[in-house]
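Here's the structure, in structure tokens; my notes come after.
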Amino acid sequence: MNFSGKKLFLIGFVVVLLVGIPLTVFLLQQQQEVRSRAEKSTNVTFSPDSTAAAPIQKAVGDTIPLDITVDPGKNLVSFVKLEIQYDPEVLATDSASAFKANTIAFPSVLEGPVYTPGKIAVTLSVGPDPTKAIQQKVTAATLTFKAIKNTPAGTPTLVTYTTNTQVLSIGSNDQASENVLSSATPATIVIGGAAPTEPIPEGTATPTGEVT
């Protein structure tokens with residue numbers, strides 16, 4: 001069967017379309033998928049650091065200041081929505097002064113702080129200037145509790161960030177509405193419990209003058 005040059009051209013054009021369209025769609029999907037993957041590298045923690053093995057030690061009546069720190073990692077943080085949970089039978093807050101935002105790092109408080117039993121919610125922003133985006137570890141705010149009840153022996157109380165906590169970034173690889181929070185570390189607090197002590201070696205005088 002003989003084909004004219006025009007027919008060959010049409011056949012070739014159809015083949016290119018049949019191959020090229022699916023390939024283009026695939027590449028666009030891949031590009032969109034890459035763009036949709038914001039790099040989640042921001043960590044939110046409390047300071048001073050604490051763990052179950054090394055908790056914050058306090059007595060009833062003590063104040064407990066906790067710095068809320070934001071480490072952006074590779075993100076450019078512009079917005080932080082915090083929801084903090086605690087045991088209201090063990091810790092108390094004064095709604096007039098419990099939460100103090102660092103207005104140098106986050107000059108705009110978009111919402112809150114809103115206090116409900118056992119929970120505090122607040123939304124912070126760097127404002128409209130993108131050059132103010134957080135690029136290194138900062139203290140976002142200070143939260144102050146008062147210890148009102150001893151914790152059970154061996155059971156510290158936790159101050160945690162809930163799953164509603166959200167961080168947004170304006171980084172070139174980050175989607176504007178995608179949460180880039182990587183981790184949120186709680187504060188571990190013991191109230192009324194004695195701090196761990198080293199055993200006294202035999203033959204050492206105790207504070208009462210007795211020799212063990």
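Details
- Formal net charge of residues neighbouring Val159 (Cβ-Cβ distance under 14 Å; K, R +1; D, E -1): -2
- 3J(HN,Hα) along segment 131-139, derived from phi through the Karplus expression 6.51 cos²θ - 1.76 cosθ + 1.60 where θ = phi - 60°, amounts to 6, 8, 4, 6, 10, 9, 4, 9, 8 Hz, with x in place of Gly and Pro.
- Modelled spin-label separation between Leu110 and Thr160, with each label point placed 7 Å from Cα along the Cα-to-Cβ direction: 2.5 nm.
- Amide H contacts under 5 Å for Gln175: Ala38, restricted to partners 5 or more places along the chain or on a different chain, H placed in the peptide plane at 1.01 Å from N.
- Taking label positions 7 Å along the Cα-Cβ direction at both Lys149 and Glu178, the computed distance is 4.3 nm, reported to one decimal.
- Total formal charge among the other residues, if their Cβ is under 9 angstrom from that of Leu143, Lys/Arg +1 and Asp/Glu -1: 0
- Distant-in-sequence amide H partners of Asn102 (H built 1.01 Å from N, under 5 Å): Ala141, Thr142
- Amide hydrogen neighbours beyond the local backbone of Phe145, cut-off 5 Å, H modeled: Ile64, Leu66
No value in this document is a laboratory result; all are computed from the given coordinates. These numbers were taken from a predicted model, which means no experiment stands behind them. Quick reminder, even Gly has a Cβ in these numbers, built from the backbone with ideal geometry, and neighbours come from all protein chains shown.
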